[in-house]
Amino acid sequence: MLARALLLLWTAALLGTSASAADPRGNANLFLGRKVLDSGDWQSVDRQDELGVLLSLGRADWPVFIAVDLLAATDEGDIDNDFRGPATLDARTYEAAFGVRKIWAPGSTHPYVGAGIVWVTAKVDLTSFGETFDANDSALGPWVGGGVFWRLGRRINLGIDARWSAAEVFLDYGRGLGADKLKAGGLHGGITLGAGW
């Protein structure tokens, strides 16, 4: 009788462990920070304010989470060069990053690292002598990053995140204004706020 009860308890524990291991786990965090691009390529618009969403999705028994991150950055500035003359630039970059993220959980502190591929889109409006010219392009590249967040209570996340991304785009303004080959990735850093489950 005792052996049967122990066998039932052991079976229930195994089933409970496997069910909880299969439970969905994840984090959804808003990112607010700055993207720093190559100043030689982007001149007065190389420090872009950035907003994004960082998602980590998986299950309790997975060694790493699936990372899906969406980021948008923007800056506006004035330039003056010999070929185009004085001009105003409105520059935007968008990044859709996919990969894996390893999150450790020592208590309420959760350090993490991640890496993968990123699809970067750059859009620039150049206004010179009252006329606006626009150019855009997209390219694929790598990204790596990491950070830490703290779990406040059972669900709320508050942390910091940093990453590097790389992609080279070709911006052609047309109408004799020429074209530029630019590094559209960069260094990203900021704070995160969100929730985990």
Identify the residue in the range 148-162 that is among the hydrophobic types (A, V, I, L, M, F, W, C) and in contact with a His (Cβ under 9 Å, 6 or more places away or on another chain) and, among all such residues, is least open to solvent (accessible area, probe 1.4 Å).
-> Phe149
Counted residues in the range 96-118 being open to solvent by less than 70 Å² (accessible area, probe 1.4 Å) and free of Cβ contacts under 8 Å to residues at least 40 places away in the same chain come to 5
Test Asp134 against the criterion of being under 18 Å from Leu70 (Cβ atoms) and of a type in the set (Asp, Glu), and give yes or no.
-> no
State yes or no: is Gly130 more than 22 Å from Leu193 (Cβ to Cβ), in contact with a Leu (Cβ under 6 Å, 6 or more places away or on another chain) and surrounded by fewer than 16 Cβ atoms within 10 Å (Cβ to Cβ)?
-> no
Six or more apart or on different chains, Cβ under 8 Å: which pairs go from a residue in the range 130-158 that's touching a residue at least 12 places away in the same chain (Cβ under 8 Å) to one that's among the basic types (Lys, Arg) and surrounded by 14 or more Cβ atoms within 10 Å (Cβ to Cβ)? Could you list them?
-> Asp134/Lys123; Ala135/Lys123; Asn136/Lys123; Trp143/Arg163; Val144/Arg163; Gly145/Arg163; Gly146/Arg163; Asn157/Arg151
Quick one: how many residues across the range 37-61 are closer than 18 Å to Gly146 by Cα and surrounded by fewer than 16 Cβ atoms within 10 Å (Cβ to Cβ)?
-> 3
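Restricting to the range 62-72, what's the tally of residues that are aliphatic (A, V, I, L, M) and surrounded by fewer than 15 Cβ atoms within 10 Å (Cβ to Cβ)?
The total comes to 1.
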So which residues in the range 136-147 are surrounded by fewer than 20 Cβ atoms within 10 Å (Cβ to Cβ) and out of contact with any Ser or Thr (no Cβ under 7 Å at 6 or more places or on another chain)?
-> Ala139, Leu140, Pro142, Val144, Gly146
So which pairs qualify, if the first residue must be in the range 80-91 and closer than 18 Å to Gly174 by Cβ and hydrophobic (A, V, I, L, M, F, W, C), the second must be open to solvent by 30 Å² or more (accessible area, probe 1.4 Å) and at pLDDT below 70, the Cβ gap must be under 7 Å, and the two must be at least 6 apart or on different chains?
-> Phe83/Gly178
If Tyr173 passes every condition in (1) surrounded by 17 or more Cβ atoms within 10 Å (Cβ to Cβ); (2) at pLDDT below 95; (3) within 30 Å of Thr109 (Cα to Cα) but one, which one does it miss?
-> (3)
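From Asp137, Asp41, grab the single residue that is in a strand (DSSP E or B) and over 30 Å from Arg155 (Cβ atoms).
Working: Asp41 fails: in a strand (DSSP E or B).
Result of the check over Asp137, Asp41: Asp137.
The values are calculated or read from the model by the stated rules, or taken from the named source; none is laboratory data. All figures in this text were calculated on a predicted structure; none of them were measured in a lab. Note that each Cβ is placed from the backbone with ideal geometry, even for glycine, and that neighbours are counted across all protein chains shown. Heads up: the accessible areas ignore ligands, DNA and RNA and are worked out on the full protein's heavy atoms, side chains in. Shrake-Rupley method; radii C 1.70, N 1.55, O 1.52, S 1.80 Å.
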